[in-house]
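All of the numbers you see were taken from the coordinates with simple rules; none came from a lab. Here the structure is a predicted model, which is why all the values come from computation and not from measurement. Backbone-built Cβ (ideal geometry, glycine too); neighbour counts: all protein chains shown.
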Amino acid sequence: MSKKPRSMTIGALAKAAGMGVETIRYYQRRGLVEEPEKPYGSIRHYDEEALARLHFIRTAQWLGFSLDEVGELLKLQDGTHCDEARVLGEQKLAKVREKISSLRRIERTLEGLVQACCTEQGDVKCPLITSLYKGVEENTS
């Protein structure tokens, strides 16, 4: 027994994808999701492929890809551009590693400022607030 392809209105598609109708329309305007033909006197219907594409977009965004980058990945999806997709993935990985490094420096700096707040005594201004006004040099250690 063959399974009948699922046909969904944009509202049903949005619900199945866990996103809003306007988000789907935005993706259509950006060229990330096709807008199906509208039969005369009827409404558009979306298939499982549209749902799969929305899941692809959401997953790629979760991994940190911008919508422009998602569009590039979608152009490479025919299976013959694995090297190009790998390069995009490597570039994203390098950016993520840079962000992690930056966040670790921020963590160390904030940790030092919070510690200074705990150790200051007497009639002094808050070291954390004062440091923010003066500017904090990055702790590169």
Name the single residue that is surrounded by the most Cβ atoms within 10 Å (Cβ to Cβ) among those in the stretch 52-86 being among the β-branched types (Val, Ile, Thr) and under 18 Å from the mean Cα position of the chain (by Cα). Ile57
Considering the stretch 13-36, residues that are charged (D, E, K, R) and under 18 Å from Gly71 (Cβ atoms), and then whichever is surrounded by the fewest Cβ atoms within 10 Å (Cβ to Cβ), we arrive at Arg29
Filter the stretch 37-51 for residues that are among the small types (Gly, Ala, Ser) and part of a loop (DSSP other than H, G, I, E, B); the one that is surrounded by the fewest Cβ atoms within 10 Å (Cβ to Cβ) is Gly41
Only one residue in Leu93, Leu88, Leu73 is touching an Asp or Glu at 6+ places or on another chain (Cβ under 7 Å), part of a helix (DSSP H, G or I) and more than 23 Å from Ala12 (Cα to Cα). Which one? Leu88
Could you go through the stretch 62-69 and let me know if any residue there is over 30 Å from Ala14 (Cβ atoms), of a type in the set (Phe, Trp, Tyr) and not in a loop (DSSP other than H, G, I, E, B). no
